[in-house]
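Notes follow once the structure below has been shown.
The values are calculated or read from the model by the stated rules, or taken from the named source; none is laboratory data. In this text the structure is predicted, and so the values were computed from the model without any measurement. Keep in mind that these areas ignore ligands, DNA and RNA; they rest on the heavy atoms of the full protein, side chains included. Shrake-Rupley method; radii C 1.70, N 1.55, O 1.52, S 1.80 Å.
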Amino acid sequence: MSMNAVVISLFLGGLALCIVTAASLLWALAFGLLCFTGHAFRLGFRPREIVGLCGRGVRTIGNILKIFVLIGMLTAVWRSAGTIPYIIHHCLPWVDPAHFHLWVFLLCSLLSLLLGTSFGTASTLGVVFMLLARTAGLDPLLTAGAVMSGIYVGDRSSPMSSSAALVCALTGTSIYDNVRLMWRTSLLPFFLVCLAYVLLPSARAESLPHVDGLFADGLVLDARALLPAVFMLVPLLLRWDVKKIMACSILAGCVVSLAVQQMAPAALLRCLVLGYEPPAGMEMLAGGGLLSMAQVAGIVLLTSAYAGLLEATGLLDGLSSLCKRLSLRLGAFRTTVLAGLPVAAVSCNQTLGIMLTKQLCAPLWQSGKEMVLPLENGIVLLAAIIPWSIAGSVPCAIMGVGPECLPYAFYLYMVPLTDMLLRRR
């Protein structure tokens, strides 16, 4: 076995150990960094060169770390200001019991597009829909599948999405250009998913339980609660920089939290850092905050440090050569998407999967811009159909279901399938 294979095997062994023991992936990534730096030192790289290679990778994602900070605060303040509860409270009356699962998909898509977070949407609107489904005697697995489909519409296509921001940072592209590209390639699968939820045989409820008082007792739910959304949507239409848009929305949310929801300044500060702590009876609103982004930021930091080392030491050259040979038969797009599946299965999360797939398949493409579609239409969605991946297991755990719901998450595989089938190469 070559030394390259030994180093990669050690890294994969560390990942597997973390999965089996349910330990944080950060330990495996730190171990991987140790293995890769040791291998570089063995090949003759001096410590200063190794540090320079790590720093070069980290510098490429400096902007994404700032976005992670803003996303954490945004998801917290939209809770404390009553923005998310207001949207849920006023959207639920639209739900037609005869087409319940279609509405689950559409409304989860809407909220995820606004927030840009799959976990935040699943833990709020997703939990509400699961409560309604179980109370009305509707299929919880089909409901959870519709939620999973909806929450990843925004995770893939929203300018506020951390995965979309990461793809932009890695490929050197514009978020607005990418979002337009995402929608152009997903209109057909989006329509097909809607059709599937309409036609799929399932129990149909004659009526749904009332949830009018679900949030009204603990928060002021008038139009002022929508100000953070307004202060995000208006600059978004003007195509402002995403960081400025988030900052405007966060400031508006802080004002509403203090003036309308009567939140104490110290509690608001704690909310921005540690996450929102809702009143009793509204536990589903808990979450967000800077700390909620700590793990994903750590994953990005450690993985970006790999980039220069992997390139300089040629650790992935063998796998890249295999992808090149496969691309001669299948084309670069299909090869990149299919390569993302085992990468997602091994890495167990979107972030590491995106970064490793980009590193592995970059030689197949002439520019970073060309890689946007296979990354967004492939690894971003396919990571969520891996039962043990964080992208799939965490939303399922939040909703109280198992991976049995994933076959009903049609959007996750309809987008990559239609894109692979409709293109020639």
TODO: Among 196, 391, 252, determine the one that fluctuates most according to a GNM of the chain built with springs between C-alpha atoms less than 10 Å apart.
DONE: 196
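Compactness ratio of segment 287-388: Cα Rg over 2.2 N^0.38 Å, N = residue count?
Values: Rg = 14.0 Å, N = 102, 2.2 N^0.38 = 12.8 Å.
Rounded to two decimals, the normalised Rg is 1.10.
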Task: Interchain or long-range residues, amide H under 5 Å from residue 287's placed H - done: 276
- [ ] Using a 1.4 angstrom probe on heavy atoms only, work out the carbon and sulfur share of the accessible area of the chain in %.
- [x] 67
- [ ] Given the options 62, 120, 392, state which has the largest fluctuation in a GNM of the chain using a 10 Å cut-off (strictly under) for Cα springs.
- [x] 62
TODO: Give the accessible surface of segment 106-146 per residue, rounded to a whole number of Å², with probe radius 1.4 Å and ligands, DNA and RNA excluded.
DONE: 24
TODO: Over the Cα atoms of segment 122-179, compute the convex hull volume and normalise it per residue, giving Å³.
DONE: 73
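Using the alpha carbons of segment 41-169, what is the convex hull volume per residue in cubic angstrom, as a whole number?
Numbers: hull volume 16.9 nm³, N = 129.
Roughly 131 Å³ of hull volume per residue.
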Task: the chain - mean residue ellipticity at 222 nm from DSSP helices (-39,500 (n - 2.57) per run, n ≥ 4, rounded to 500) - done: -21500 deg cm²/dmol
Open item on the list: Restricting the calculation to Cα positions, tell me the Rg (one decimal) and the Dmax (whole number) of segment 332-402 in Å.
Closed with: 12.6, 44
Task: As computed over the chain, the Cα convex hull volume per residue (Å³) - done: 141
